[in-house]
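Enquirer: One structure, as structure tokens, below. Some questions next.
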Amino acid sequence: MTEEGFPPAQPPHDLAAEKAVLRAMLRSPKAVADVVEILAGSDFYRPAHELIHDAVLAVYARGEPPDVVTVTAELGKTSHLTQAGGHVYLHTLTSESTTGDTWKKSAERVLATSVLRRTLQATARIEDLVAQGVTHDLDSFVDTVQAEIHAATLLDRTHIPPDRPLTDILEGVLDELEAHAPPDDIGTTGIPTGFTDLDLLTGGFQPGQLNIIAARPTLGSSTLALNFLRTASIKHGIPAALFSLEGRRTDITMRLLSAEARVALHHMRSNTLADDDWTRLARRIPDVSAAPLYIQDDSYATFSDLRAHCRRLHARHGLGMIVIDKLQLIPYGTHPRTSRYEEVSDICLGLTRLAKELQIPVLAVSTLSRGPEQRPDKTPMLSDLRDSGVLEDNADLVILIHREDAYEKDSPRTGEADLIVAKHRYGPTATLTVAHQGHYGRFVDMAS
């Protein structure tokens with residue numbers, strides 16, 4: 001009884017639905033197969049029902065029919081028969097008349113009340129954290145709260161992976177091998193990059209992988225990232241997002257229009273557009289405007305905020321690719337790490353997990369150290385990556401940009417750029433030459 005004399009409120013539950021589920025499981029192996037995909041034992045409110053559910057699964061797993069006799073024997077073997085109500089209660093379950101609902105609907109009601117109970121429990125734990133007044137590590141508090149809510153509302157409680165017979169896997173592999181891509185996307189199995197040789201080398205940007213694009217300042221790492229986004233979103237209609245931590249969205253859009261319409265960027269910036277420029281812009285604006293590309297230039301207090309925004313955008317728009325420019329500008333959080341290297345390490349690991357969680361490629365723009373400028377041969381190497389150790393370990397693909405004409409004004413390779421695939425976890429590395437059209441803010445295949 002409460003202080004006011006009223007009995008305490010019971011947590012949400014539906015005993016009739018729980019009995020209906022167990023009755024179906026004791027009567028039909030088919031019901032067991034259906035219920036196990038919806039419920040776990042912990043979803044039952046009455047402890048006796050959880051014991052009966054688990055005993056049914058143990059019998060079913062041995063290939064025996066889970067009826068009253070076999071389940072009673074199983075409960076006796078584990079010394080849980082009395083706690084489960086005894087054989088009389090089991091006989092009562094099976095002898096009661098069925099309701100009009102299917103066992104699947106009853107299981108779904110049991111799951112719904114379980115989610116409500118877990119949410120109440122999570123709320124109580126969160127209130128306890130709030131009462132403690134945790135202020136020294138806000139990131140840890142936010143992560144704990146998010147984890148509590150996520151665990152409470154997670155619908156897949158069974159943790160039983162789907163069966164994957166080899167014949168089904170083989171069929172999928174053959175379908176992929178036999179799939180015919182459009183002529184301009186030959187060899188591409190992931191998100192097209194827009195460069196023929198790079199697509200042939202990598203198959204495009206693959207789901208669940210972290211890709212690093214790096215160069216010395218002003219050599220075009222952000223431009224190349226925007227190139228990849230234009231190819232995905234404007235040319236192929238794939239939803240994509242750019243999280244820019246240094247460029248304004250108006251400047252980024254101007255660069256995007258310059259590259260798409262082949263209008264000199266300095267004409268746009270100086271507002272000296274000729275009639276031909278306006279004509280080319282008008283021709284491309286409809287396609288650009290229709291592209292499912294989302295540009296975020298807001299600042300983020302923590303990496304957790306940025307990651308949460310990525311998840312939200314993906315849930316709303318089904319993103320096919322995320323680009324973050326630049327990696328070194330991401331603030332990890334309010335709780336400082338011992339070093340910036342440790343922060344970048346945590347951020348890189350977080351991006352790797354994000355790519356795997358969302359099953360889309362994540363591209364992160366990074367910077368190179370001064371190493372190339374201090375060598376006679378200015379060609380960058382993997383070890384020139386800022387915080388190279390952690391980036392080398394976690395990235396699936398690393399593309400370094402080298403432009404000889406940035407160091408030699410009279411270079412015979414003026415207008416050319418090397419895309420150095422310095423790391424390729426699932427394929428060969430190579431150096432690919434493309435054209436750099438700086439006045440349009442873009443890279444293109446040499447033949448373009």
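The values are calculated or read from the model by the stated rules, or taken from the named source; none is laboratory data. From a predicted model like this one, the values you see are computed outputs, not experimental measurements. Using ideal geometry, Cβ is built from the backbone for each residue, glycine included, and neighbour counts are taken over all protein chains shown. The protein model used for the area step is the full one, side chains on, heavy atoms only, and it has no ligands, DNA or RNA in it. Shrake-Rupley method; radii C 1.70, N 1.55, O 1.52, S 1.80 Å.
Enquirer: Translational diffusion coefficient of the stretch 319-448 at 25 °C, 0.890 mPa s, Stokes-Einstein with Kirkwood Rh over Cα pairs, in µm²/s as a whole number.
Expert: The Stokes-Einstein estimate is 150 µm²/s.
Enquirer: Follow-up question, since we're still on this one. Once the Cβ-Cβ distance between R283 and H317 is put in as r, and R0 is 35 Å, what FRET efficiency do you end up with, to the nearest 0.05?
Expert: For R0 = 35 Å, the calculated efficiency reads 0.85.
Enquirer: In a Gaussian network model over the chain where Cα atoms closer than 10 Å are linked, find which of S222, S106, S79 has the largest mean-square fluctuation.
Expert: Of S222, S106, S79, the most mobile in the Gaussian network model is S79.
Enquirer: Tell me the label-point distance for the pair V142, D445, using the 7 Å Cα-to-Cβ offset, in nm and rounded to one decimal.
Expert: So the label points at V142 and D445 sit 4.4 nm apart.
Enquirer: If you stretched the chain out fully between E342 and T92, how much longer would it get, using 0.36 nm times the residue separation minus the C-alpha to C-alpha distance?
Expert: Additional length available on full extension: 83.9 nm.
Enquirer: Also, I was wondering about something else. For labels at Q359 and M381 in the simple 7 Å Cα→Cβ model, what's the distance in nm?
Expert: 4.0 nm
Enquirer: Rounded to the nearest 500 deg cm²/dmol, what is the calculated helix-only ellipticity per residue at 222 nm for the chain, with -39500 (n - 2.57) per DSSP H run of length n ≥ 4?
Expert: -14500 deg cm²/dmol
Enquirer: Using 1/(1 + (r/R0)^6) with R0 = 22 angstrom and r between the beta carbons of L120 and L15, what's the FRET efficiency to the nearest 0.05?
Expert: Plugging the Cβ-Cβ distance into 1/(1 + (r/R0)^6) gives 0.80.
Enquirer: I'd like the orientation of helix 303-317 relative to the chain: the angle between its Cα long axis and the longest Cα principal axis, in ° from 0 to 90, rounded to 10.
Expert: Compared with the principal axis, the helix lies near 80 degrees.
Enquirer: Next question. Give the share of C-alpha pairs in each 20 angstrom bin for the chain, from 0 to the last occupied bin, in whole percents, shortest bins first.
Expert: 20, 39, 28, 12, 1
Enquirer: Quick check on my link table: of K30/K77; K326/K409; K77/K104; K77/K356; K326/K378, which ones sit more than 32 Å apart, alpha carbon to alpha carbon?
Expert: Long pairs (Cα-Cα over 32 Å): K77/K356.
Enquirer: If the label point is 7 Å along Cα→Cβ of Y407, which residues in the stretch 417-436 have backbone nitrogen under 20 Å from it?
Expert: Answer for the stretch 417-436: 417-423, 430-436.
Enquirer: Give the angle, between 0 and 90 degrees and rounded to the nearest 10, that separates the Cα long axis of helix 86-95 from the longest principal axis of the Cα atoms of the chain.
Expert: It is inclined by approximately 80 degrees.
Enquirer: Using 0.36 nm per residue of separation minus the Cα-Cα distance, give me the extension gain between A33 and Y426 in nm, one decimal.
Expert: 137.7 nm
Enquirer: Express in nm, to one decimal, how much length is gained between L349 and D275 on full extension, taking 0.36 nm for each residue of separation and deducting their alpha carbon distance.
Expert: 21.7 nm
Enquirer: Another one. For the pair R62 and A290, what calculated FRET efficiency results from E = 1/(1 + (r/R0)^6), where r is the Cβ-Cβ distance and R0 = 56 Å, to the nearest 0.05?
Expert: Plugging the Cβ-Cβ distance into 1/(1 + (r/R0)^6) gives 0.45.
Enquirer: For the pair E127/H309, report the inter-label distance in nm, with labels modelled 7 Å from Cα in the Cβ direction.
Expert: That separation, rounded to one decimal, is 3.4 nm.
Enquirer: Compute the acute angle (0 to 90°) between the alpha-carbon long axis of helix 166-178 and the principal axis of greatest extent of the alpha-carbon atoms of the chain; round to the nearest 10°.
Expert: Its long axis makes an angle of about 20 degrees.
Enquirer: In whole percent, how big is the carbon plus sulfur part of the accessible area of the stretch 65-104, probe 1.4 Å, protein atoms only?
Expert: 61 percent
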